[in-house]
Amino acid sequence: MTFEELGLEPNTIKAISEMGYTAPTPIQEQAIGLVLMGRDVMGIAQTGTGKTASYTLPMIDILSNGRARARMPRSLILAPTRELAAQVSENFEQYGKYHKLSMALLIGGESFGDQERALDRGVDVLIATPGRMMDLFERGRILLSDVRILVIDEADRMLDMGFIPDVEKIIGWLPPLRQTLLFSATMAPEIKRLADKFLSNPKTVSVAPPASPAELVAQSMVVVNDRDKRETLRSLIKSEEVANAFIFCNRKRDVAVLYRSLDRHGFSAGQLHGDMPQTQRTETLDAFRKGEIKLLVCSDVAARGLDIADVSHVFNFDVPSHAEDYVHRIGRTGRAGRNGRALTIATPADGRYVAAIQKLIGKPIPPMALEGVEAPTLEEGESDRRGGRRGGRSRGGKPTETKPARPAEPKVEKTVVAEAKPETRPEEKAERKPERKTERRTESKPPRGGRRGRSPLPADEVGEMTHADDVLAFGDHMPGFLLRDPLAK
Ligand code: AMP
């Protein structure tokens, strides 16, 4: 499914595609259409599933018609923590960059004056934590009679933090004729009660918690042109604190080429692929384990079954064609309770493979941009990576869109951390809990034992003419005539 099919406006789609989003996440597929239709929605989804965009994107479209009056917000989003509220407002800014929507963020620990001035100018979207919202309402600084859309985000956390009475009070100040969206990671009885009380004929949508393989792996993806891949890899290796890393290529031939290239550039590298004699493989692995080699360029089959406890990084030099291989690859790091990092280098032609991976892991791979490297966008639909579209053209003749490089600052996951300011209310104290600082990296679940119904091949079978999922496949055993690049000079 595409964002267009969900009925979003072209300007909204333009903004999200510039952020590198190629396809809606499952919660977005389910919720966006309903919100656009004006339905009340009960969304069961965790952080990391793309749930914020599932309500912010349609809200931007809905609110793009009409204007806000002074101190009379047109929509209200209640979030339990300042960090979440700040993230939501950041998303609004990014997704709404081609709309003229005004927004105010009311969070504890910030000056009342600025927030009041923002309200006085009139806001389309008001994003608030319950404590500060109540303060400003009780001081008569906000009129809530124009609120047509209410979002209660992370309701289960509101419950944990004791905010539900405040939330109920705030809802009591809103007009009864409104659209209400309630998001929660779980459907606890108290959340159900809240939904029954405040939602009108709601549609419940739910997605499984992100089924990510490695709980402690922070994932990122960078999209570059084919010709920039090696340079990108080198700069990532230099910019990250790489203790040691697996670098995955899709094809055996590329393992050898990339290994030689890294070696020539003075990196401490080795290679591992199915054609190497067992003794050489064992020696290479020993050297990697002992730290004599820092980088191990390998193919999927060669790396399967390897259990090396402290690998700091996994680089996907190529996006794997089988989404499940992504899960196996990144599971090479973040083992034994250590933190790991997985960086994927994608090219525009990898769009559908990236979409398949994101669908499998149930969450998007956060995009990052590299300073000085052109950042094209991922293409959707069919693509043929083997042909290597160096001319920037797909097989179907669709030109590769190249957008100006996104702003510098490689970004993993931005999480706003509350500053410690004098506290005034108990709620605000709770809002300052620094829990969210790390959770976005760690919320997903551990691997669920590999491929369903198939057993991973043991390491000593790596030389066979089989793909890891027991089908004869290209990858490690691509016939030579298919490897010739028809576009190569
Ligand atoms: P959330 O679950 O709302 O906290 O979102 C998790 C992360 O996914 C955020 O960094 C979003 O920027 C990102 N994101 C949301 N939707 C998409 C999408 N359709 N494709 C790629 N990334 C997304």
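Okay, here's what the table says:
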{"quantity": "Scan of region 9-35 for residues that are more than 11 Å from the ligand (Cβ to nearest atom), touching a helix residue (DSSP H, G or I) at 6+ places or on another chain (Cβ under 6 Å) and farther than 29 Å from Lys192 by Cα, ordered by number", "calculated": "Glu9, Thr12, Ala15"}
{"quantity": "Meets criteria (in a helix (DSSP H, G or I) and at pLDDT below 95) for Ser17", "calculated": "yes"}
{"quantity": "Top-ranked residue in region 321-366 [being open to solvent by less than 50 Å² (accessible area, probe 1.4 Å) and at positive phi; ranked as modelled with the highest pLDDT]", "calculated": "Gly362"}
{"quantity": "Per-region count, region 170-197, residues surrounded by 14 or more Cβ atoms within 10 Å (Cβ to Cβ) and closer than 28 Å to Arg67 by Cα", "calculated": "10"}
{"quantity": "Qualifying residue in region 104-116 (condition: near the ligand (Cβ under 10 Å from one of its atoms) and touching a Lys or Arg at 6+ places or on another chain (Cβ under 7 Å))", "calculated": "no"}
{"quantity": "Filtered residues of region 20-35 (kept if surrounded by fewer than 23 Cβ atoms within 10 Å (Cβ to Cβ), of a type in the set (A, V, I, L, M) and part of a helix (DSSP H, G or I))", "calculated": "Leu34"}
{"quantity": "Among residues of region 223-236, those that are open to solvent by less than 50 Å² (accessible area, probe 1.4 Å) and in contact with a Lys or Arg (Cβ under 9 Å, 6 or more places away or on another chain), counted", "calculated": "1"}
{"quantity": "Test: residue in region 96-106 that is in the same structural domain as Leu174 (by TED's automatic domain parsing), basic (Lys, Arg) and assigned to a loop (DSSP other than H, G, I, E, B)", "calculated": "yes"}
{"quantity": "Strands (runs of 3 or more DSSP E) completely within region 217-334 that count 1 or more residues being within 28 Å of Ala355 (Cβ to Cβ) and assigned by TED's automatic domain parsing to the domain that holds Val373", "calculated": "217-223, 245-248, 295-298, 313-316"}
{"quantity": "Checklist (1) in contact with a Ser or Thr (Cβ under 8 Å, 6 or more places away or on another chain); (2) open to solvent by less than 60 Å² (accessible area, probe 1.4 Å); (3) farther than 30 Å from Phe315 by Cα applied to Ser200, failing item", "calculated": "(2)"}
{"quantity": "Checklist (1) more than 22 Å from the chain's Cα centre (by Cα); (2) on the phi > 0 side of the Ramachandran plot; (3) of a type outside the set (A, V, I, L, M); (4) at pLDDT below 95 applied to Gly108, failing item", "calculated": "(2)"}
{"quantity": "Within region 298-312, considering residues that are modelled with pLDDT of 80 or more and open to solvent by less than 10 Å² (accessible area, probe 1.4 Å), the one nearest to Ala349 (Cα to Cα)", "calculated": "Ser299"}
{"quantity": "Tally, over region 36-58, of residues that are more than 20 Å from Ile191 (Cα to Cα) and either more than 9 Å from the ligand (Cβ to nearest atom) or open to solvent by less than 10 Å² (accessible area, probe 1.4 Å) (or both)", "calculated": "7"}
{"quantity": "Residue match in region 63-81 (condition: within 16 Å of the ligand (Cβ to nearest atom) and part of a helix (DSSP H, G or I))", "calculated": "no"}
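This table checks each residue for (1) under 30 Å from Gly20 (Cβ atoms); (2) at pLDDT 90 or above.
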residue: Glu190; (1), (2): no, yes
residue: Gln219; (1), (2): yes, yes
residue: Ala243; (1), (2): yes, yes
residue: Asn250; (1), (2): yes, yes
residue: Thr279; (1), (2): no, no
residue: Leu285; (1), (2): no, no
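Residues checked against (1) touching a residue at least 24 places away in the same chain (Cβ under 8 Å); (2) under 28 Å from the mean Cα position of the chain (by Cα):
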position: Met158; (1), (2): yes, yes
position: Gly172; (1), (2): no, no
position: Leu181; (1), (2): yes, yes
position: Leu194; (1), (2): yes, no
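The values are calculated or read from the model by the stated rules, or taken from the named source; none is laboratory data. Only a predicted model underlies this, so the values are computations on that prediction, with no experimental measurement involved. Cβ: placed from backbone, ideal geometry, glycine included. Neighbour counts: every protein chain shown. When the accessible area is computed, the model is the full protein with side chains, heavy atoms only, and any ligands, DNA or RNA have been set aside. Shrake-Rupley method; radii C 1.70, N 1.55, O 1.52, S 1.80 Å.
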